[in-house]
Each structure stands twice: as C-alpha cells, then as structure tokens.
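Peer 1: Starting off with a structure, shown below.
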C-alpha cells in the first residue's frame, strides 16, 4: 500500500545533502574564526540564528529578537537582515523534512497540533504562500505554518521563498530598532530570560491541562488535515500532488 500524500517522506539524498552542507558550514565557520579574528562576532550571530530558528524554535519564542536588537548596536541593519534571513531560511529546509518525520510520532503530532496550528489551517489551505509570509512577518506563530507546510507536503521551494521574503524586512526592522534604542546588554539578557520563563510557564500549564483532560480523540486530526474539498482542489485526480505545486500540463 502506498503512503498517503500528506506524509510523503524526504528522498534519501536530502538528508545526505543536509549533513554535507552542515559539515561544510561548520568547517568554514571554524576557519573564519581562526584565520580572521574580526569574523568571530558575525559567525556567532549566524550560529545563534540557526539555534533560535531550529527544530526547538517553538520552545524559544521571542528569543531571537534580543539578539537582533543587541547586534543592531554594532552592525548595519541591512547586513544583519541579509545574514539572519539567509541563515534562518537555510535551517528551515532541515526543519521542513525533520518535521515530516516527527509528525509520524503520535505524541509529537499531538504536541505540535495545538490551537495555534488549528486556527491557521483554513487560511493556509486557501492561500498557503500568503499565510506563511504573514505569519513569519508578524508576531503570529511562524512554527505553526512550518507544521502545516511539512504535514501537507507544500512545495518546499515556495515555503522557503515565503520565509525569506518575510524575514528580510522583519529582521531589518528589528536591527534598525536596536541601532536607534541602543539597549544595554543587561536589558537584552533580561528580555531573553523573561521570554524563556514565560515559555516554560506556558509549557507546564499546557501539560497540566492536558493531563486533566480526556485523551485526544481522532477528531483532533481535523485541526490540520485538509477537508475532502481541499484535497480535491489540491489534486482533483487523487494523485500524489503536493500543495502549491503547479497543475499538470
């Protein structure tokens, strides 16, 4: 029996390319910091960008903003916006394929299909590119569109394009704000710490509420899974086309 279209696995070569690119990037970063001392700070900024937008980013909301505000005091906003947008979009490629694997695990699937994801499901299946762009550009939870995109098999190129086009102006604005405000390092640390505390409180609260409630029923899957009408619009023939792919000639 063939796999459902909405759980299309990544090609074996994808993970090999991700590993090769990651190893190459790590090697280049090490060489830059060793040979050109002035690049230590930008390289650290790129590494922080990768960490804050990696697979654990749903647990790190508003953690990257203090980083941009702090670096905006010493580097041009355009430079930070381009470097941050490119680095964060690159890690989204790995996130996309990793989430496809994680969503096969029932406990992880329930964790990721939270209320935020359910609210974005309908607009995503109507206008996926616009929904991703708006969620990444605004304070809306961009990780929710990551779940929807990877779960539905939305075109990875279009998904990454929407992410890049949204993060460029967003990161520039935050870096420019940091340049204007010139916040002290202690203030930025307190902002990051407060974000982590609020996040941990939210995680613990959700865990307590979930433990007191009844087990999730199969109907919960409707929060993310498209309706029959949406599936017919995505692929009227029933073939394994993906969301956002152009119709066959």
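Peer 1: Taking the Cβ-Cβ separation of residue 39 and residue 190 as r and a Förster radius of 30 Å, what is the calculated FRET efficiency to the nearest 0.05?
Peer 2: Here the calculated transfer efficiency is 0.60.
Peer 1: Related question: Ranked highest first by the average count of other Cβ atoms within 10 Å around their residues, in what order do 146-152, 54-60, 170-176 fall?
Peer 2: Taking the mean over residues of other Cβ atoms within 10 Å, the ranking is 146-152, 170-176, 54-60.
Any read-out appearing in this document is the output of simple, stated calculations on the displayed coordinates, not a laboratory observation. Keep in mind it's a predicted model, so treat the numbers as computed, not measured. No Cβ is skipped: glycine too gets one built from the backbone with ideal geometry, and neighbour counts run over all protein chains shown.
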